[in-house]
Amino acid sequence: MEIIKTVSEVRDIVKKWRKAGHSIGLVPTMGYLHAGHGSLVEQSVKNNDKTVVSVFVNPAQFGPNEDLEKYPRDIKRDSELVASLGGDIIFKPEPEEMYKKSNATTVKVEGLSQKLCGITRPVHFAGVCQVVSKLFNIVTPDNAYFGLKDFQQYVIINKMVEDLNFPVKINPCAIVRDKNGLALSSRNVYLTDEETKSALSLNQSLQYAKSLISSGEKKAFFIIDEITKIINNVPYSKIDYVKIVDIDTLDDIDIVEKKYAVLLAVYIGKTRLIDNFTELS
């Protein structure tokens, strides 16, 4: 398993793989990998001949006063995990390798990017689309793997691929949780022990919402209210949003039936966490 730092080196490797007839999977990450990322790597290794994992803390997706500088980094741990799972290379470029000073091109999916997390983080998804489109052009993968914890990101990337005719299949992967039900996130490292206990309310509220829907409750406003009560009942919590939306448009829905997502974003202390559950069929 190699760590590659330049676009030209990755392209040379991919060219050789293509000449040999290999299929290629891509797992885009910002590093500080955990078991959730590991599940994406495992899927890629299973379904492709070669797997590239990008590790790049993308400055374009961080707004002012966000955690770009303190975002956790540990390439030694990352490389050990990727190697143990059978990944072939880590692409770890520096920002100046990905973004030239003369860069004047942006990629933005209108509409979908201005909702939900896009309200609190207005530059975030344009940055995500820009770096992911660059990775698609550099690695030219057959398959790319994205976790459903970032459901809005998954929907936006799907739309970008459709609109720009990228020849890549987007593969959604299930949320991975710790033994207590907390969705794995690189940002969980920011939480104190007491804040971690409060963060468990996110999944607890979603599980209760799921039970309500399973028992026949269809009114979105009622389900949202019940989620809100559970989260507001724990210390350190401040809700950004709780929404039930159509999985394609991300528009609010009033009646919960088929093809919906229950999404939430909550500050636990100073740490912003997201979680969800979805019905995709």
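The values are calculated or read from the model by the stated rules, or taken from the named source; none is laboratory data. It should be emphasised that the depicted structure is a prediction, and the values quoted were computed from it without experimental measurement. Every residue, glycine as well, gets a Cβ built from its backbone with ideal geometry; the counts of neighbours run over all protein chains shown. All accessible areas refer to the heavy atoms of the entire protein, side chains included, with ligands and DNA or RNA removed. Shrake-Rupley method; radii C 1.70, N 1.55, O 1.52, S 1.80 Å.
Exactly one residue among Asp67, Asp163, Asp150 is closer than 26 Å to Asp252 by Cα, surrounded by fewer than 17 Cβ atoms within 10 Å (Cβ to Cβ) and either in contact (Cβ under 8 Å) with a residue 24 or more places away in the chain or within 16 Å of the chain's Cα centre (by Cα) (or both), and that residue is Asp163.
For the residues Val52, Val45, the requirement of being of a type in the set (A, V, I, L, M), open to solvent by less than 80 Å² (accessible area, probe 1.4 Å) and assigned to a helix (DSSP H, G or I) singles out Val45.
Does Glu217 count as part of a loop (DSSP other than H, G, I, E, B), acidic (Asp, Glu) and at pLDDT below 95? No, not satisfied.
Select, from Ser113, Ser133, the only residue that is crowded, with 18+ Cβ neighbours inside 10 Å, more than 21 Å from His34 (Cβ to Cβ) and touching a His at 6+ places or on another chain (Cβ under 9 Å). Result of the check over Ser113, Ser133: Ser113. Quick one: is Tyr71 under 24 Å from Leu182 (Cβ atoms) and hydroxyl-bearing (Ser, Thr, Tyr)? So Tyr71 fits the description; yes.
Would segment 136-144 turn up any residue that is within 25 Å of Leu191 (Cα to Cα), of a type in the set (Asp, Glu), open to solvent by less than 60 Å² (accessible area, probe 1.4 Å) and in contact (Cβ under 8 Å) with a residue 12 or more places away in the chain? Checking segment 136-144: not a single residue is within 25 Å of Leu191 (Cα to Cα), of a type in the set (Asp, Glu), open to solvent by less than 60 Å² (accessible area, probe 1.4 Å) and in contact (Cβ under 8 Å) with a residue 12 or more places away in the chain.
Table: residues versus (1) farther than 22 Å from Ser201 by Cβ; (2) surrounded by 20 or more Cβ atoms within 10 Å (Cβ to Cβ); (3) out of contact with any helix residue (DSSP H, G or I) (no Cβ under 6 Å at 6 or more places or on another chain).
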| residue | (1), (2), (3) |
| --- | --- |
| Ser237 | no, no, no |
| Val242 | no, yes, no |
| Asp248 | yes, no, yes |
| Ala261 | no, yes, no |
| Ser281 | yes, no, yes |
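Within segment 214-238, residues that are within 18 Å of Ile274 (Cα to Cα) reach partners that are open to solvent by less than 90 Å² (accessible area, probe 1.4 Å) and of a type in the set (Lys, Arg) with beta carbons closer than 8 Å, at six or more positions or on different chains, in the pairs Ile224/Lys243. Please tell me if Ala265 is open to solvent by less than 70 Å² (accessible area, probe 1.4 Å), assigned to a helix (DSSP H, G or I) and either closer than 25 Å to Glu69 by Cα or without any contact (Cβ under 8 Å) to a residue 60 or more places away in the chain (or both). Judged against the criteria, Ala265 is not a match. Just one of the numbered conditions (1) at pLDDT 95 or above; (2) on the phi < 0 side of the Ramachandran plot; (3) of a type outside the set (Lys, Arg); (4) in contact with a helix residue (DSSP H, G or I) (Cβ under 9 Å, 6 or more places away or on another chain) is not true of Ala83: (4). If you go through segment 182-192 and pick out every residue that is in a loop (DSSP other than H, G, I, E, B) and surrounded by 15 or more Cβ atoms within 10 Å (Cβ to Cβ), you end up with 4.
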